[in-house]
Structure formats: C-alpha cells, structure tokens
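The values are calculated or read from the model by the stated rules, or taken from the named source; none is laboratory data. Keep in mind the model is a prediction, meaning the values are calculated, not measured. Cβ atoms come from the backbone with ideal geometry, glycine included; neighbour counts cover every protein chain shown. Heavy atoms of the whole protein, side chains included, go into the accessibility calculation; ligands, DNA and RNA do not. Shrake-Rupley method; radii C 1.70, N 1.55, O 1.52, S 1.80 Å.
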Amino acid sequence: MSERVIEHLAGQRDAILDRLLTLIRFPSVSTDPAFAEGMGGAREFLLDRLRSIGLQDVRLLDAPPNVPGGQPAVHGAWTGAGPDRPTIMIYGHYDVQPADPLELWHAPPFEPTIRDGRIYARGASDVKGSTTVAIETIAGFLAVEGGCPVNVKLFLEGEEEVGSPSLPALIETHRDLLAADAMLSADGGGAAGAVPVLNIGCRGICALQFSLRTARKDAHSGKVGGALRNALHEMARLIATLHDEQGRVTVEGFEAGALPFTDALRAESASLPLDEAAWYAEFGAAPFGDPAYTVRERTTLRPTVEVNGMWGGYTGQGGKTVTPAEAHAKLTMRLVPGQDPAAAQVAVKAHLERHAPPGAALEFSYRPGGTRAFTLAAGHPLRAAAGAVLRRAKGGEPAVMRLGGTVPITTMFQERLGIDSLMFGLASPDEDAHAPNEFFRLSSLDEGLRLWPMLLSALGTMRAADFPRAQR
C-alpha cells in the first residue's frame, strides 16, 4: 500500500516544500505574547490544510478557561479504517523558540532560506519539518488510497516550547476525543540519516528560578566595594556549588529514585557510535564532564542541573560603577527514569538554601512538578513496526537511543491516557534547534516522505488489541 503513496508524495514534493516554507514563515513563538499574530496564523494555516485533505472534526482544542497561559491545540481525525485497526495519535507542535539573538542569524529567521540542501529558519528542524511530513503522509494516503491503513488522530500542540503548562488540563477536558491505542510523535529526531535509529525515550525536566538579595539597594562600587556583598559575586559562588570541577551534580538527594545505570543501558547507548573529539570540535569547546561516562551517556542517560540564565546589575552600553544588591538565575534539571520532578526541585531548592551566604535572602519562583522521563517498553508494537521499517529502508539493525531533551507529551499521554509513544521525527542533532541558524535538511524531508508511509502501513497490519494500554 505504501509504495503508491510514496510515489505520489515524491510527485508532490515541490508543493509539499512550498507548504512547509509557508508554515515556517509564521513567527509562532509561544513564549512571547508579542507573537500572538504568528501563533494565530500558524493555527489557521494548519486548520485549513487539515480540512483540505479530508480530515473530520477539524478544530481547536482549548484548556478550560480557568487555566491561564495556554495555547490551543489543532485537532483532526480520520477513523475509517474500522474498529479492529489501531487508532494512532500523531503528534507535532506548531510553536517555536524565540529567534534571539537576531544578530547571529545569517538571514531573517522567519524568512526561510534554502542553501546547500538545507532550509535555514527558526522552527524548520524543531519541528515544522517533521510535522509537515506527518500531515502530508496522511494526505497522501487519503488522496491515493481513499483511506489510511490505521485510524488517525492529529494533535498539533501550541505550547511545547514553554513546557506545555495547560496541556494536562486540556487532556482532561478532551479525554474521550483523544482516546487512541498509541502515539507517533513527529518531535524527537532519529528516523532520518545514514544510521538507522530507533528513538525509544527521553529525559524528563523540571525548572526553578530564584533571586538572591544581599542589600536593600544597589550602591556606588567605589564607596562600598570590598565591604558589602555583591549579589552577582555571591550568585556566581552559589551556582558553582551545584557541581564539582568535573561537572558532577553535588546536590544531595537530587538523584533519589533514579533507576540503576546498568550495563544494558551502557550497551544500548554504545550502539550509536559518537566521535567525541568531533562532537566537541563542532561546538568549539574543550572536553568536560564526569569521566565515568561517555559523552552519549552524559547527554542522554544521566541527570543534569543547568543554568539557563543569570543576570543582575548593569548590562547596558558602557559602564556603570555599581555594586548590585540583587541577582537572578534560571535553572532546568534534566531527569532520568525513576526521578520525580517535584522531588528534584525540592532537592535543588534545599541545596541553594543551605549554601546561601550569611545575610543573603533567597526568593524562589517555580512551577511545581515538571515532566518525568519516558521509555517505550521493549516488545511494544510501535518498536516492532518501526524497527522493521528501518531495517527494510536502511538495510541494517537500528541503534536504540534516547533523547537528551524532553518531549512532555510522551509522559503526559502515558500517565493520563495510558497511551505509549514512539518518537519518529526527522531532525538531526546537528541542526542547531533553539540556536541561531537552525536548519532542516531537504534530504530528511525526502526520507520522511518514504519512511512515514511505510510505518503507517506496517502499523496497519496490526490489530487494536495488539496494543497495551494502562487505561482501556
């Protein structure tokens, strides 16, 4: 069934690329209200596209009105495969990260530029490229075969890049509509590229922001320097206590509950080779990190505490001789299976309180909880189908890997709806997602238009009853 669809999609490639470029041009930055028009434009574009390809129940899904800060999700469905065939939720997101710092881009970030076989633009890799492939695959089946091998429901989120704050409430509001047997995520890379990769999990995440105050007000550095604590100095010292010199997290109780690091995990990680010297060279950085673990293990299988921002005092043009009274920092913690996000937050908060300098005041601002790490169990039908497709398409046994980042929807759908997920995105790790000059390879677009039809066809040979679910 998939061969005719693949041929059709290849013939539509220019039109598909044009639609992808149109979607990218909407500056759909979810974290900044100034981009509300871009968010709305992306939603309307997707709604129109889903209606045009023949999906039913195309609409926006909102969280309840009493849940602040949420962005609607775009929904559409085709359920004509019959009750015996599995219902597959297909996930993507239309929001993107801010493009700052703008001066580091080689071209305007929301005006996609194609050069050297790459689309350069914010959101091209994360994750409008892979989301477009998923949509166009469904469109191809409906156009060529008059139906899909499985029942499909599309769920295109609008707040993934801000941690999906209203998603739990949105899921609860639309539980019946979102019922499915499994989920395929267009977010989470690995499907494209020379080495076949089966992406079966990701780390969790939680966050913490805090301020440190050392005096009632800023002061003239010439008058008080050397006799009054400088909030930025004290913040730097406090932040430094979170790690030892090799980068190991020193927070007592932070790894509580983490599952053991086993030889099997180590072998799984090693199945995808990594040239560590080349990896560091790509970033122009010196080697760093716990020597007991490889770079791949540090970045996918170990928990982390990272400072995402630290500020205070004067940061404008020129100089200002001031001793700051207050400093601020933002932290995120990446979590491994077994860690509880709320407990990790509490451990880091307690550490900072213990190590704060005498006379300094700490004030914390954080959203309780977070997202647990996700793992797709061995033997799951999604793993079997995707593994078979990758072996057939690429002629080798796929490596098994986990993302170092977080795809919150995987854990939320598992915990709240009993739906397991496979990440089958097409982005590559080197595509500078979240950074200036983000790009998406045209070869990944072409490969996705072959792999996604093959995967849906493989899932169409299975029955709904083959899929385990915690809540039926």
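Of all residues in the range 362-377, those being surrounded by fewer than 11 Cβ atoms within 10 Å (Cβ to Cβ) and closer than 16 Å to Thr410 by Cα number 0.
The set of residues in the range 195-239 that are in contact (Cβ under 8 Å) with a residue 40 or more places away in the chain and part of a loop (DSSP other than H, G, I, E, B) comprises Val195, Pro196, Arg203, Thr214, Ala215, Arg216, Lys217, Asp218, Gly225, Leu228, Arg229, Asn230. When you check Glu255 against the structure, is it part of a loop (DSSP other than H, G, I, E, B) and of a type in the set (Asp, Glu), yes or no? Against the criterion (part of a loop (DSSP other than H, G, I, E, B) and of a type in the set (Asp, Glu)), Glu255 qualifies.
Exactly one residue among Ala433, Ala427 is in contact (Cβ under 8 Å) with a residue 12 or more places away in the chain, in a loop (DSSP other than H, G, I, E, B), in contact with an Asp or Glu (Cβ under 9 Å, 6 or more places away or on another chain) and open to solvent by 30 Å² or more (accessible area, probe 1.4 Å), and that residue is Ala433. When the residues of the range 271-313 are filtered to those that are of a type in the set (S, T, N, Q) and within 22 Å of the chain's Cα centre (by Cα), the one that is most open to solvent (accessible area, probe 1.4 Å) is Asn308. Could we say that Glu252 is at pLDDT 95 or above and either within 23 Å of the chain's Cα centre (by Cα) or among the aromatic types (Phe, Trp, Tyr) (or both) here? In short, no.
Considering (1) within 23 Å of Ser164 (Cα to Cα); (2) outside any loop (DSSP other than H, G, I, E, B); (3) of a type outside the set (Asp, Glu), the lone condition that Gly70 does not fulfil carries the number (2). Within the range 165-212, the set of residues being buried (at least 20 other Cβ atoms within 10 Å of the Cβ), at pLDDT 95 or above and over 20 Å from the mean Cα position of the chain (by Cα) comprises Leu178, Ala180, Asp181, Phe210, Leu212.
Every residue, every condition in (1) loosely packed, with under 15 Cβ neighbours inside 10 Å; (2) β-branched (Val, Ile, Thr), yes or no:
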position	(1), (2)
Ala219	no, no
Glu245	yes, no
Thr250	yes, yes
Ser269	no, no
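I'd like the residue in the range 436-455 that is in contact with a Ser or Thr (Cβ under 8 Å, 6 or more places away or on another chain) and charged (D, E, K, R) and, out of all such residues, is least open to solvent (accessible area, probe 1.4 Å). If we take residues in the range 436-455 being in contact with a Ser or Thr (Cβ under 8 Å, 6 or more places away or on another chain) and charged (D, E, K, R), then Glu438 is least open to solvent (accessible area, probe 1.4 Å).
Taking the range 18-35 as the region of interest, how many residues are open to solvent by 60 Å² or more (accessible area, probe 1.4 Å) and free of Cβ contacts under 8 Å to residues at least 40 places away in the same chain? Total satisfying the criteria: 4. Close contacts from the range 113-125, counting a first residue that is over 16 Å from Ala42 (Cα atoms) and without any contact (Cβ under 8 Å) to a residue 60 or more places away in the chain and a second that is of a type in the set (Gly, Ala, Ser) and crowded, with 24+ Cβ neighbours inside 10 Å, with Cβ to Cβ under 9 Å and a gap of 6+ residues or different chains, come to Thr113/Ala121.
Taken together, Ala73, Ala81, Ala77 contain a single residue that is touching a strand residue (DSSP E or B) at 6+ places or on another chain (Cβ under 9 Å), buried (at least 17 other Cβ atoms within 10 Å of the Cβ) and over 18 Å from Ala186 (Cβ atoms), which is Ala81. Evaluate the following for Arg383: is it open to solvent by 20 Å² or more (accessible area, probe 1.4 Å), assigned to a helix (DSSP H, G or I) and over 23 Å from Cys206 (Cβ atoms)? Considered against the rule, which asks whether it is open to solvent by 20 Å² or more (accessible area, probe 1.4 Å), assigned to a helix (DSSP H, G or I) and over 23 Å from Cys206 (Cβ atoms), Arg383 comes out as yes. The set of residues in the range 354-372 being touching a helix residue (DSSP H, G or I) at 6+ places or on another chain (Cβ under 8 Å) and in a loop (DSSP other than H, G, I, E, B) consists of Ala356, Pro357, Ala360, Tyr366, Pro368, Gly369, Gly370, Arg372.
Filtered by the rule that a residue be modelled with pLDDT under 95 and either crowded, with 22+ Cβ neighbours inside 10 Å or out of contact with any Pro (no Cβ under 8 Å at 6 or more places or on another chain) (or both), the range 148-164 gives Glu159, Glu160, Glu161, Val162, Ser164. Scanning the range 102-125 for residues that are open to solvent by 10 Å² or more (accessible area, probe 1.4 Å) and touching a helix residue (DSSP H, G or I) at 6+ places or on another chain (Cβ under 8 Å), we see that the one that is farthest from Glu160 (Cα to Cα) is Gly117.
Within the range 314-347, the residues that satisfy the criterion of being of a type in the set (Gly, Ala, Ser) and surrounded by fewer than 18 Cβ atoms within 10 Å (Cβ to Cβ) are Gly316, Gly318, Gly319, Gly338, Ala342, Ala343. For the criterion of being more than 25 Å from Val152 (Cβ to Cβ), surrounded by fewer than 19 Cβ atoms within 10 Å (Cβ to Cβ) and among the small types (Gly, Ala, Ser), Gly418 fails.
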